[in-house]
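For reference, the structure is listed below as structure tokens.
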Amino acid sequence: MKFSSYTNVALKAAKAGAEILLKHYNGVLDISYKGDIDPVTQTDKKSQIAIIKILKDIFPCYGILAEEDNVNELGREYCWIIDPLDGTVNFIHGISLFCVSVGLKYNDEIISGVIYAPVTQEIFIAEKNKGAWLNGKRIKVSKIQDTIRALTVTGFPYNINKNKTRVMKNFENVILKAQGVRRLGSAALDMAYVAAGRFDFFWEEGLKPWDVAAGSLIVEEAGGIVSDYNGAMSSIFNETLVASNGLIHKEVLKIINNDYNTTKI
């Protein structure tokens, strides 16, 4: 597939960030905390600097919204949305499930997304109306039509102590209605895996735009659906998120909301 220049540049930037992550993976890390259980390393920041440099060198007028150091130029017509290390806790503990995520927003729409998992060497790419791709091969969501046959994935917000009742209730609702539940520790990879048909749906709350910008487009371009818990169509600013193969989306919303009568999409 031939992609636009901005997608190719996003891939180049993601690779630059990933190279830094690999250099420090399983090494001595300088770790600080943004919250009680929300870590950040100097590697996150070095990756972000490398990514932004490439993006700004080629597209100097595009804005940047990035996770670290309060980089926020969201008001521009085009804006890159960057997570330089999604899965920081995994990275710190030597677990290979982490990635770089780079998305591009045009006005209110995500038009390009790259998720690069450097240890597994998997590159997920999507561009608006060009499908979703994994290492050069087209990917599609699964064809599972019944949640009891669905393998699902979730994550827990860093502020779970403030919202534990709903979070744990949703977990209970799903685990009783699905084939199984996994927790990988990277929302971007969770969504990429839904796009690739490895998982049938993903749900989580408390996510940030950089967690979901690239992943939401990749799921949609793979034929899936992304919405909030109420069924409103996807936005990178939603506080709640469900990404599915589309076939079971309505049922998933009913399960999460524990309401089989009022949930709509």
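A count restricted to the range 217-249 and to residues that are farther than 15 Å from VAL153 by Cβ and under 11 Å from the mean Cα position of the chain (by Cα) stands at 2.
A quick yes/no check of all residues on (1) in contact with a Leu (Cβ under 9 Å, 6 or more places away or on another chain); (2) at pLDDT below 95; (3) not aromatic (Phe, Trp, Tyr):
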residue: ALA13; (1), (2), (3): yes, no, yes
residue: GLY17; (1), (2), (3): yes, no, yes
residue: LYS23; (1), (2), (3): no, yes, yes
residue: ILE31; (1), (2), (3): no, yes, yes
residue: ASP36; (1), (2), (3): no, yes, yes
residue: ILE52; (1), (2), (3): no, no, yes
residue: LYS56; (1), (2), (3): no, no, yes
residue: ILE81; (1), (2), (3): yes, no, yes
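For the range 194-211, taking the residues that are touching a residue at least 60 places away in the same chain (Cβ under 8 Å) and in a helix (DSSP H, G or I), the one that is surrounded by the most Cβ atoms within 10 Å (Cβ to Cβ) is identified as ALA195. Which residues, counting only those in the range 226-247, are touching a strand residue (DSSP E or B) at 6+ places or on another chain (Cβ under 7 Å) and surrounded by fewer than 23 Cβ atoms within 10 Å (Cβ to Cβ)? Scanning the range 226-247 gives SER227, ASP228, TYR229, MET233, SER234, GLU239, THR240, GLY246.
Checked against the criterion of being farther than 22 Å from ALA222 by Cα and of a type in the set (A, V, I, L, M), the candidates LEU189, LEU184, LEU151, LEU176 yield just one match: LEU176.
Yes or no: ILE49 assigned to a helix (DSSP H, G or I), within 16 Å of GLU19 (Cα to Cα) and without any contact (Cβ under 8 Å) to a residue 12 or more places away in the chain? Yes.
Beta carbons closer than 6 Å, at least 6 apart along the sequence or on distinct chains, pair a first residue in the range 129-141 that is under 17 Å from TYR193 (Cβ atoms) with a second that is among the aromatic types (Phe, Trp, Tyr) for LEU134/PHE124.
Candidates in the range 82-137 are the residues that are polar (S, T, N, Q) and assigned to a strand (DSSP E or B); of these, the one that is nearest to the chain's Cα centre (by Cα) is SER101.
The values are calculated or read from the model by the stated rules, or taken from the named source; none is laboratory data. On a predicted model such as this, the values are computed, not experimentally measured, just so you know. Cβ sites come from the backbone with ideal geometry, for glycine too, and all protein chains shown count toward neighbours.
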